[in-house]
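**Q** Before anything else, here's the structure in question.
What follows is calculated from the coordinates using simple rules that are stated; it is not laboratory data. Just so you know, these numbers come straight off a predicted model, no measurement behind them. Cβ sites come from the backbone with ideal geometry, for glycine too, and all protein chains shown count toward neighbours.
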Amino acid sequence: MSGQCLPRRFRLVRREDVSETSGTGVVATGVEYLDGAVHMQWHNADNDALETDSNGCAFKPAPDGIEATREIHGHGGRTEIEFIDPAPEPESED
């Protein structure tokens, strides 16, 4: 199985918390699937400002999942998506 079959992992890194809800730093981790869908899990349990011991999840459907994630959770550039894995290389036409 090639690495291109695997989802690409990322971190949601918040520089400024304009909503005063999730804090700053790495506030969520997620994966982008090959079709563009995104699944993300919040690090709520690690946030002392929240009264919860569980982590919430978010799903953005394909094909624009990463763009929807950036638009909804990016807070005008105050939160960035940092990919952990490199982008898959295009398949050759051999």
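**Q** Order these peptides, 14-27, 76-89, by their mean beta-carbon neighbour count within 10 angstrom, highest first.
**A** So the order, starting with the most tightly packed, is 14-27, 76-89.
**Q** While we're here: Tell me whether the range 3-83 comes out rounded, prolate or oblate; compute the Cα gyration tensor, take square roots of the eigenvalues as a ≥ b ≥ c, and use a/c under 1.5 as the rounded threshold.
**A** prolate
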